[in-house]
Amino acid sequence: DMLDPERLIQCPLVKHHRIRARRFPYHLVKCKESNPEIAKQLATCPFNARHLVPQADLSDHIMKCNDKAFMEQDVVSRSCEPPQEQLNNGSTWQAPPCDEDWETELLEGSESTFVW
């Protein structure tokens, strides 16, 4: 099951590393630090940062990536929503007028002392 947090995933950096799905993002960070030469040869998928593929295969991976569909659905659903400015233009609320004048108060030189 792809959603099982206990399933084992093979590390893309060191093939004999098998990591539980719930720990996989943390492992990738540590493994990249421990294997910088291997990490330089891999590219990160723009749809899922857990997908590390050889740089030469990135464009092919992008075309076939399963997470691409989730991103496309999100973009489509957002384009169907009304723009935020249209929602805000319908509001009739206005800020109340401000009757404070700090400059005048400063010039009047109020002698009262502030007490907390």
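The values are calculated or read from the model by the stated rules, or taken from the named source; none is laboratory data. Note that the coordinates shown come from a computational prediction; the quantities given were computed from them, not determined experimentally. FYI the Cβ positions are ideal-geometry reconstructions off the backbone, even for glycines, and counts take in every protein chain you see. What goes into the accessible areas is simple: the full protein's heavy atoms, side chains included, and nothing from ligands, DNA or RNA. Shrake-Rupley method; radii C 1.70, N 1.55, O 1.52, S 1.80 Å.
Note the full-extension length gain between Ala49 and Cys98 as 0.36 nm times their separation in residues minus their Cα-Cα distance, in nm to one decimal. Show your work: numbers first, answer last.
Details: separation 49, 0.36 × 49 = 17.64 nm, distance 4.98 nm.
Full-extension gain reported as 12.7 nm.
In the stretch 8-78, the portion of solvent-accessible area held by carbon and sulfur atoms comes to 54 percent [1.4 Å probe, whole percent, DNA, RNA and ligands not counted]. Multiplying the residue separation of Leu107 and Asn66 by 0.36 nm and removing their Cα-Cα distance gives an extension gain of 7.9 nm. Taking amide hydrogens as placed 1.01 Å from N in the peptide plane, the amide H of Arg20 sits under 5 Å from those of Ile9, each at least 5 positions away in sequence or on another chain. For His51, the residues whose modelled amide H falls within less than 5 Å of its own, excluding neighbours fewer than 5 places apart on the same chain, are Cys45.
For Gln73 and His16, FRET efficiency with R0 = 25 Å and r from the beta-carbon atoms, rounded to 0.05? Numbers along the way, then the final one.
Details: r = 36 Å, r/R0 = 1.44.
Approximately 0.10, to the nearest 0.05.
The alpha carbon gyration tensor of the stretch 8-78 gives principal lengths a ≥ b ≥ c with a/c of 1.5 or higher and a/b greater than b/c, which makes the shape prolate.
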